[in-house]
Each structure stands twice: as structure tokens, then as C-alpha cells.
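Notes follow once the structure below has been shown.
Derivation of every value follows stated rules applied to the coordinates shown; laboratory data play no part. Quick caveat, the model's predicted, so the values are computed rather than measured. Reconstructed Cβ throughout: ideal geometry from the backbone, glycine too, with neighbour counts over all protein chains shown.
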Amino acid sequence: MTGAMSRDELLAALPDLSEAALDDLIRAGVVQPVQSGSGPLFRPVDHARLQLAMDLQDAYALDEDGLALVLSLIDQVNGLRGDMQAMLGAVAAEAPETRARMRQVIRQTRITIRHG
Amino acid sequence: MADDPYAALGVSRTATEAEIKKAYRRIAKTDHPDLNDDPAAHERFKAAAAAYDLLKDPEQRARFDRGEIDAQGQERPQRQYYRDFSQGAGNPYRGEANYGDFSDVFADLFGEGGAPRRGGFRQGGFGGARSFDMRGQDYRYTLEVDFLTAARGGTTRITLPDGHMLDVNIPAGSRDGQTIRLRGKGGAGMGEGSPGDALLTLHVAQDPDWRAEGDDVVTTLPISIDEAVLGAKVEAQTLHGPVMLTIPKGASTGRKLRLRGRGLAKPGGTRGDHFVELKIVMPPQVDDELANFMEKWRGKHAYDARAEQRRGGR
């Protein structure tokens, strides 16, 4: 797996993360390493997720459950943001008439009236 | 980073350690690039993180205050933020989005939108249970196996997040992306509910010597120039042990020899083929005898190895 790290390599890359803290985060499902015959492998996505988890723990004093909730919301929001960007890209490539029709439908279903 | 780490954190030069920490946390809360879209916030966070790295260590801070070191050289190594992954397609930790009545529109546009998702973190724990008998959650994992284990079948030992070890049977002919279901190895059920399953998505690791093309297996077999010129019988490895392979006279690099029915197992009991791709390897040293012979040979028998390519107009 490209760029994947072993447990020891990960701990070396994140000096502020203790072995016990890593075990807690794995047990809580906050991070799920890839299983392999030679032990767990941590992908770049796991590495980045752990860094964010540590930042959040530090800033908000979250326990594992709270952390899991926050990360789940971040995944949902950022995932939607990615979907939305893809959708907007597709809409931008459409003809003006098509976009006008879409605008009309969107206005009917999601009316936002801004005063002043 | 800014020249003045105190300014980056918005504290005075006489600030206490606690004040510095507090200032950093405040910036981390508002400006963390994973939580804030604004590029300016990103810059503020980067500067504050570098400043905090310098000032949190009293010794480093004292050296900076005395002018022995400057704020430069404190740049953190380029960090890859989680946003880069969580916003991209195929984030293994993201749950499936549910767009209600428009689920099939979403699936039509984005692929497997309504299908069970791959990989990742369970979010089910936050939903409300309607009954006290509830089937346990399915747990999803990604399991990496090497090429030969996937092709030949075998067992891999894995450690579940709760610390339990589990021997997983990998069926022969497993493909990248295939899912293995382990019944009852997921989360515990509630009340009378049965436990969930563990679902392992296989990731077949790349192998320097073996690769799969659909149901077929491709390997590269190095041969010497004399074997290429004169033909030979050479041993080649297959998924099920070595075979003697006849190298035809005058074989070129890239020529593929087919071993029928020695590829990956297909459902229904048949198998793909194994292709052995020849690769001519020169001797470690070209001695005088070989060079002299070639010179003489070229005098009478020179040929254009690139004639084919030229005909193709390239």
C-alpha cells in the first residue's frame, strides 16, 4: 500500500502520540488501520486523521466518544463539500438554458429570501 | 512564519507559558485548516503552530529572547491536512450520504451512492434505536494481502480493534476490492439481536514479480541472449509450482508465452491463463569474443530492429 506506515513508523512520525493513546483511538474506532499479515498499516489518510484527532483532543479536551462524533461530522461535511463541488463543476459545464432550468427548480425547492 | 512568534500568537513578550498555550489553543479552535475554509485562517494557524513550537519550550524561548536563534528554521515540515482526504472521493471514513427520494439520482451521478459503503468508521452509534432487540453493527476493515496469498489462497492473522486476534481465510483467486464477510464478528447485538458481521475489503499489494490482468496472471522471465537465439527449456514459476517452459528459437523481449489454465481461479471452477513475458538479459560483461563475433556478424547480417516502428510512422 503506497505510503503506508507500520505502527512504529507512525509513532515515530507523531512524537506527541503515546502507544496507549494510539490504542485507545483504535479501540474507539477513531482510526482504523489496514490489516495485513505483518501487522497494522497506517495510510496517509490515517496519519492525517490522527493529527487532527490529537489537535481536537488538545483544543477541546474531548474524550474518544466526543472525538468520534466530531470526526464523523467533519467527514460528512467535507464529503458533502466534495460532492457539491463535483456537482457545481458538472452544472458549470452545462448550457445556459439548462442552468436556467436548474436555477428555477432550485429556487422553488430552496427559497432563500434575503431582506435588504 | 512571521519574524515575531509573539505577534503570531498575539501575546506579549512577557506572557506566561499558560498564556502562550491558551493563545495557541484559541487560534487552533478558530483557524484550524480542517475546521475553517478560509485561506487566511490557514496562514494564521500555520504561523501560530510554528510560533507555539518555538515558544512552548522554555529553553528555546530563552534562546530566542536573547537573540541566539531566530524564528526561522522553526517551519514545521509540510503537513498534509485531513481535509485533503475527507473532501476527496473514496474517503474510507465517510459514511454514505442519504438523499432520501433522490438517492437513485445521486447513485446515478456519483456511482455507488446508495450502496453499502466501503471501509471505515462506524457512525451508527449516534442513531436512535427503535427496539431493544437490534442486530449488532457490521464492522468494516481494509485487509492488505500479498499477491500470492490472494492468488493461491491462505490465511492471514489480523488484530481487531478490541485486541482480539482472528485468522482469516483468504479464498484462492481473491481479487483487489473483493469483500470477505466474517459472520458474527462485528459489534454485539442489543437484547435478542444477533451480532453484526465483520466485512473485510481486500487490498492486494503490488508485487514486483507478479501481476494480474483480469483473470490472467503475468510474470516476467529473464532469458540469456543464447537462450533467445537458440531456444531453450527454462524453468518458470507459476501459481502452482514450477513448470518447464520451451523458449522458441529467436524469441524477442516482450514475447508472451501462454500457459493455459494456470491463471487465477474463476467462479465456476475454471481458471484464467498465465502469461510469461520474456525479457532478454545481456551477460554482465560483453567479452572480446562476443564483441568480435558480433562485429563479424553485423558485417553480413545487419538488420533493422526498428523497421516495424518506422512503418507505424513513429
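When DSSP assigns beta bridges and you keep just the ones with both residues in the protein assembly as shown, what percent turn out antiparallel, to the nearest 5?
Values: 29 of 46 bridges.
Of the beta bridges lying entirely in the protein assembly as shown, close to 65 percent run antiparallel.
Counting just the Cα atoms, what span does the range B:176-216 cover along each of its three principal axes? Round to the nearest Å and put the largest first.
The Cα atoms of the range B:176-216 stretch 51, 17, 9 Å along their principal axes.
So which residue, out of B:Val204, B:Val145, B:Val281, gets the largest mean-square fluctuation from a GNM of chain B using Cα contacts under 10 Å as springs?
Looking only at B:Val204, B:Val145, B:Val281, the largest GNM fluctuation is found for B:Val281.
Determine, from the Cβ-Cβ distance of A:Ala93 and B:Asp108 and an R0 of 22 Å, the FRET efficiency 1/(1 + (r/R0)^6), rounded to the nearest 0.05. Don't jump to the answer; show the numbers that get you there.
Details: r = 17 Å, r/R0 = 0.77.
E(calc), rounded to 0.05, equals 0.85.
Normalized C-alpha radius of gyration of the range B:1-108, against 2.2 N^0.38 Å? Write down the numbers at each step before the final one.
Numbers: Rg = 19.3 Å, N = 108, 2.2 N^0.38 = 13.0 Å.
Ratio of Rg to 2.2 N^0.38 Å for the range B:1-108: 1.48.
Please work out the Cα center distance from the range B:255-314 to the range B:26-55, rounded to the nearest Å.
After rounding, the separation between the Cα centres reads 57 Å.
Is there a simple number for the mean count of other chain Cβ atoms within 10 Å of the Cβ of residues in B:15-25, and what is it? Could you put the intermediate results ahead of the total?
On the way: counts 0, 0, 0, 0, 0, 0, 1, 0, 0, 2, 5.
That works out to 1 on average.
What area, in nm² and to one decimal, does the C-alpha convex hull of the range B:247-314 cast on average over all directions? Walk me through the numbers before you get to the answer.
Values: hull surface 32.1 nm².
In nm², the orientation-averaged hull projection of the range B:247-314 is 8.0.
Scattering from the C-alpha atoms of the protein assembly as shown alone, worked out with Debye: what is log10 I(q)/I(0) at q = 0.13 1/Å?
-1.19
Of the beta bridges DSSP finds with both residues in the range B:134-270, what % are antiparallel, to the nearest 5?
Values: 22 of 29 bridges.
Once the DSSP bridges in the range B:134-270 are tallied, antiparallel ones form about 75 percent.
Taking only Cα atoms and a 10 Å spring cutoff, compute GNM fluctuations for chain A and point out the largest among A:Ala90, A:Ala53, A:Ala68.
Between A:Ala90, A:Ala53, A:Ala68, it is A:Ala90 that shows the largest mean-square fluctuation.
Let's see if you can work this out: charge +1 on each Lys and Arg Cβ, -1 on each Asp and Glu Cβ, no other charges. What is the dipole magnitude of the range A:1-114 about its Cα centre, in debye to the nearest 20?
Details: 11 positive and 16 negative charges, 241 e Å.
In debye, rounded to 20, the range A:1-114 gives about 1160.
Report D for the range B:216-283 in µm² per second (integer): Stokes-Einstein, Kirkwood Rh on Cα pairs, 10 °C, 1.306 mPa s. Before the final figure, lay out the partial values.
On the way: Rh = 12.4 Å.
After rounding, the answer is 128 µm²/s.
I want to verify a result. In a Gaussian network model of chain B, Cα cutoff 10 Å, which of these has the top mean-square fluctuation: B:Gly272, B:Gly193, B:Gly299?
Looking only at B:Gly272, B:Gly193, B:Gly299, the biggest GNM fluctuation is shown by B:Gly299.
Relative to the Cα centre, what is the charge dipole magnitude of the range A:15-57, using +1 at the beta carbon of each Lys and Arg, -1 at the beta carbon of each Asp and Glu, and rounding to the nearest 20 debye? If you can, show how the numbers build up before the last one.
Working: 3 positive and 6 negative charges, 42 e Å.
That gives a dipole near 200 debye.
Let's test the formula: R0 of 41 Å, r as the Cβ-Cβ distance of A:Asp63 and A:Arg107. What FRET efficiency results, to the nearest 0.05?
Values: r = 44 Å, r/R0 = 1.07.
So the FRET efficiency works out to roughly 0.40.
Could you tell me the calculated FRET efficiency between B:Ala188 and B:Glu19, based on Cβ-Cβ distance and R0 = 35 angstrom, to the nearest 0.05?
Numbers: r = 47 Å, r/R0 = 1.34.
Taking R0 as 35 Å, the efficiency between B:Ala188 and B:Glu19 is 0.15.
What is the extension gain from B:Glu68 to B:Lys29, computed as 0.36 nm multiplied by their sequence separation minus the C-alpha to C-alpha distance, in nm to one decimal? Each step should come with its number before you reach the end.
Values: separation 39, 0.36 × 39 = 14.04 nm, distance 3.15 nm.
Full extension of this stretch gives 10.9 nm more.
Kindly flag which residue pairs out of B:Lys249/B:Lys296; B:Lys185/B:Lys266; B:Lys233/B:Lys256; B:Lys29/B:Lys56; B:Lys21/B:Lys46 have an alpha-carbon separation exceeding 24 Å in this structure.
Details: B:Lys249/B:Lys296 21 Å; B:Lys185/B:Lys266 27 Å; B:Lys233/B:Lys256 15 Å; B:Lys29/B:Lys56 18 Å; B:Lys21/B:Lys46 15 Å.
Where the Cα-Cα span goes over 24 Å, the pairs concerned are B:Lys185/B:Lys266.
So what is the 222 nm mean residue ellipticity for the protein assembly as shown from helices alone, if each DSSP H run of at least 4 adds -39500 (n - 2.57) and you divide by all residues, rounding to the nearest 500 deg cm²/dmol? Each step should come with its number before you reach the end.
Values: 15 runs with 164 residues, N = 430.
Helix contribution divided over all residues of the protein assembly as shown: -11500 deg cm²/dmol.
Once the dipole of chain B is set up with Lys and Arg at +1 and Asp and Glu at -1 on Cβ about the Cα centre, which of B:Leu278, B:Phe85, B:Ala291 lies farthest towards its positive end?
The residue sitting farthest along the positive end of the dipole is B:Leu278.
Normalised by the residues of chain B, what does the relative contact order come to in percent, with Cα pairs under 8 Å and at least six apart? Could the numbers behind the result be given before it?
Details: 491 pairs, mean separation 32.2, N = 314.
Answer for chain B is 10 percent.
Starting from the 7 Å offset along Cα-to-Cβ, what nm value, one decimal, do you get for the label separation of A:Leu11 and B:Ala305?
5.2
What ³J(HN,Hα) values, in whole Hz, does the Karplus curve 6.51 cos²θ - 1.76 cosθ + 1.60 give for the range B:46-55 when θ = phi - 60°, with x put for Gly and Pro?
4, 5, 5, 5, 5, 5, 5, 4, 6, 8
Against the empirical 2.2 N^0.38 Å scaling, what ratio does the C-alpha Rg of chain B come to? Walk me through the numbers on the way to the answer.
On the way: Rg = 31.0 Å, N = 314, 2.2 N^0.38 = 19.6 Å.
So the Cα radius of gyration is 1.58 times the expected 2.2 N^0.38 Å.
Find, to one decimal place in angstroms, the Kirkwood hydrodynamic radius of the range A:3-99, where the mean of 1/r is taken over every pair of different Cα atoms and then inverted. Intermediate results must be reported in sequence, preceding the final value.
Details: mean 1/r = 0.0649 Å⁻¹.
After inverting the pairwise mean of 1/r, the radius is 15.4 Å.
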